[in-house]
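Asks: My structure is below; once you've seen it, I'll send some questions.
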Amino acid sequence: MATEAANPHNLHEATFQKLRSLLVEGKIAPGSKLNERELAESLHVSRTPIREAIRRLAADGLVELIANRGAIAVQLSIEDVIHTFNVIADLEGFSGELAAKNISDATLSELAALQYEMMAAYARRDLSSYYRLNLRIHHLINQAANNPVLSQLFTQVNARIEALRFRSNQDGVKWEKAVEEHQEMLNALQARDSARMRKIMIQHVHNKRDVVVQLLKAEALPTAVAETMK
């Protein structure tokens, strides 16, 4: 393909980002097999960037590489979800605490601008744009903590539950609550209130956890009922 030959790096990165979005937004369902040929056809690329993207997604924890089965979209048990969200809550709480102490005025201004854009996406009920901006805000807060080890841990662990964090905003009432919490985060950062920021971040993630667990249990119920009726 001409585009592939002309600028392979850009094409490979774009393929990775597209495939990542399909996983995060649930367009490739958890537990589904990633078919290289079908993905290459749908994304209009060769199988080479698809293979590279799958390797990167496996390293990020969004895909499992299973012998004799190939690449499978990660599917966490409810117990795994709870454990992962609990770890993320502490990581985000620590990030928020450090960010409130170390954040620059320039980063605060950037966060305020992102918050404004995110509110606009929320008003349009544009969940894809909202989530993209939401993720940028969380990463920026994490970076503002100025702790490279913390940033690396956050990125690695958060990748496992990104698709679930995306889904947690599909409930209108819970989504509204999440938006309010983001405004509270910005207020705490502007006040340089580290204790308040830590508390908000931990509660924010715990609320996400509870919504996700409720969703997963609701989805599992019909299957459980069907099994008992066999």
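Asks: Just to be sure, is LEU114 part of a helix (DSSP H, G or I), surrounded by fewer than 22 Cβ atoms within 10 Å (Cβ to Cβ) and at pLDDT 95 or above?
Replies: yes
Asks: Given the condition in contact (Cβ under 8 Å) with a residue 60 or more places away in the chain, under 22 Å from VAL179 (Cβ atoms) and out of contact with any Pro (no Cβ under 6 Å at 6 or more places or on another chain), answer yes or no: does some residue in region 66-87 qualify?
Replies: yes
Asks: Filter region 127-173 for residues that are of a type in the set (A, V, I, L, M, F, W, C) and not in a helix (DSSP H, G or I); which is surrounded by the most Cβ atoms within 10 Å (Cβ to Cβ)?
Replies: Selected residue: ILE161.
Asks: Would you please name the residue that is nearest to ASP90 (Cα to Cα), looking only at residues in region 156-196 that are touching a residue at least 24 places away in the same chain (Cβ under 8 Å) and either of a type in the set (Val, Ile, Thr) or not assigned by TED's automatic domain parsing to the domain that holds ARG209 (or both)?
Replies: VAL157
Asks: Also, quick follow-up: Name the one entry in LEU57, LEU65, LEU98 that is at pLDDT 90 or above and in a strand (DSSP E or B).
Replies: After applying the criteria, what remains is LEU65.
Asks: Limited to region 21-41, what total is found for residues that are among the small types (Gly, Ala, Ser) and over 18 Å from LEU62 (Cβ atoms)?
Replies: The qualifying residues number 1.
Asks: Between a residue in region 197-208 that is in the same structural domain as PHE85 (by TED's automatic domain parsing) and in contact (Cβ under 8 Å) with a residue 40 or more places away in the chain and any residue that is charged (D, E, K, R) and surrounded by fewer than 20 Cβ atoms within 10 Å (Cβ to Cβ), which pairs come within a Cβ distance under 6 Å, given they are 6 or more apart or on different chains?
Replies: Filtered contacts from region 197-208: ILE200/GLU184; HIS204/GLU181.
Asks: Only residues that are modelled with pLDDT under 90 and touching an Asp or Glu at 6+ places or on another chain (Cβ under 7 Å): list them for region 117-155, please.
Replies: Within region 117-155, just SER128 meets the criteria.
Asks: For LEU91, which of the numbered conditions (1) at pLDDT below 95; (2) assigned to a helix (DSSP H, G or I); (3) hydrophobic (A, V, I, L, M, F, W, C) fails to hold?
Replies: With (1) at pLDDT below 95; (2) assigned to a helix (DSSP H, G or I); (3) hydrophobic (A, V, I, L, M, F, W, C) applied to LEU91, the lone miss is (1).
Asks: Working carefully through the options ALA106, ALA121, ALA100, find the one that is among the small types (Gly, Ala, Ser), out of contact with any strand residue (DSSP E or B) (no Cβ under 9 Å at 6 or more places or on another chain) and surrounded by fewer than 17 Cβ atoms within 10 Å (Cβ to Cβ). Spell out the reasoning first.
Replies: Values: ALA121 fails: surrounded by fewer than 17 Cβ atoms within 10 Å (Cβ to Cβ); ALA100 fails: surrounded by fewer than 17 Cβ atoms within 10 Å (Cβ to Cβ).
So the residue among ALA106, ALA121, ALA100 that is among the small types (Gly, Ala, Ser), out of contact with any strand residue (DSSP E or B) (no Cβ under 9 Å at 6 or more places or on another chain) and surrounded by fewer than 17 Cβ atoms within 10 Å (Cβ to Cβ) is ALA106.
Asks: Which numbered condition in (1) in contact with a helix residue (DSSP H, G or I) (Cβ under 7 Å, 6 or more places away or on another chain); (2) in contact (Cβ under 8 Å) with a residue 24 or more places away in the chain; (3) of a type in the set (A, V, I, L, M) is the only one that LEU133 fails?
Replies: Just one mismatch for LEU133, condition (2).
Asks: Shifting gears a bit: Is there a residue in region 174-181 that is basic (Lys, Arg), part of a loop (DSSP other than H, G, I, E, B), at pLDDT below 90 and touching a Ser or Thr at 6+ places or on another chain (Cβ under 7 Å)?
Replies: No, region 174-181 has no match at all.
The values are calculated or read from the model by the stated rules, or taken from the named source; none is laboratory data. What you see is a predicted model; the values in this text were computed from it and never measured. As a convention, Cβ positions derive from the backbone with ideal geometry for all residues, glycine included, and neighbour counts pool all protein chains shown.
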